[in-house]
1. Just rank THR171, THR106, fewest to most, by other beta-carbon atoms within 10 angstrom.
2. Could you go through segment 197-203 in sequence order and give the Karplus-derived ³J(HN,Hα) for each residue, using 6.51 cos²θ - 1.76 cosθ + 1.60 with θ = phi - 60°, rounded to whole Hz, and x for Gly and Pro?
3. Using θ = phi - 60° and the Karplus form 6.51 cos²θ - 1.76 cosθ + 1.60, what ³J(HN,Hα) does each residue of segment 9-22 get, whole Hz, x for Gly and Pro?
4. Would you mind giving the average projected area, over all directions, of the Cα convex hull of the chain in nm² with one decimal?
5. Quick one: compute the contact order of segment 3-206, relative version, from alpha carbon pairs under 8 angstrom and 6+ residues apart, as a percent.
6. Cα to Cα, under 17 Å, and not fewer than 8 places away if on the same chain: which aspartates and glutamates meet these conditions relative to LYS143?
7. Order of THR185, THR103 from fewest to most other C-beta atoms within 10 Å?
8. My understanding is that a pair violates if its Cα-Cα distance is over 21 Å; which of LYS95/LYS157; LYS43/LYS157; LYS110/LYS157; LYS43/LYS95; LYS43/LYS180; LYS95/LYS180 do that in this structure?
Amino acid sequence: MTAEERDYLFDVGVSLGNVLYRQCELLLEMIDEMDRRDEFVIKIASLENEGDLIFHEFGFKFSEIEITPSDRRANIYRMESHLEESIDMINELAKCLVRYNVTEATEGYKASVNCIYGAVNSFMHLINAFRLYQSGAKGNFIKTVNAFDSYGVNFEKMYELFIRQLFTEETDPIDVIRWKAIYDTVREVFEAFETCADDCYHFIYFNS
């Protein structure tokens, strides 16, 4: 793999990360303007399409890049593909708000979106750490991966709290169904992030 090809792989990660970041900004804006949720969903879906195009172009170019061993090649491909899947999951979360006719964001949902936003910011730092990665600085890199991964751990605690409150304090069965589905989708977003973190740990193993 040439230096130019290596830079290209990082540039793809940065481009996909930027798409994810812009989606999160729209999710945050939507919280205060739920009456315009249809408009925001269209914008977020457009960004998901942008991510698809970036990944499809990457797929074509990646086939021409020689990377050995094959396990490392597969790891790099998984990293890019799971990042693209995270973009898909943000798009699905936005659609849920229209699908379940959400007119007002709960405090739990606001906290969830802020947690997603924090995770994506952490991931952007992680991409930069990737570009500068050296095996001698493995400890610092692992700390950066752990910081990103910790958002998923924190949300899992929040999820248990939200679901418990939902089934103990909410009296409208429709709201129970609605918000259980939405919180489950947020959980799937963090499961996608966790997969990205696992890819990073594998990257460390392959470069040890």
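1. Working: THR171 6, THR106 19.
If I rank by nearby Cβ atoms, fewest first, I get THR171, THR106.
2. Karplus values, whole Hz, x for Gly and Pro: 5, 4, 4, 5, 4, 5, 4.
3. Coupling constants for segment 9-22: 4, 5, 4, 5, x, 5, 5, 5, x, 5, 4, 4, 5, 5 Hz.
4. Numbers: hull surface 46.2 nm².
Here the figure is 11.5 nm², rounded to one decimal.
5. Computed value for segment 3-206: 30 percent relative contact order.
6. GLU194, ASP198, ASP199
7. On the way: THR185 20, THR103 8.
Fewest to most other Cβ atoms nearby, the residues stand as THR103, THR185.
8. Working: LYS95/LYS157 24 Å; LYS43/LYS157 30 Å; LYS110/LYS157 15 Å; LYS43/LYS95 11 Å; LYS43/LYS180 25 Å; LYS95/LYS180 15 Å.
As for pairs spanning more than 21 Å Cα to Cα, those are LYS95/LYS157; LYS43/LYS157; LYS43/LYS180.
Where a number appears in this text, it was derived from the coordinates with a stated rule and is not lab data. This is a predicted model, so every value here is computed, not measured. Note that each Cβ is placed from the backbone with ideal geometry, even for glycine, and that neighbours are counted across all protein chains shown.
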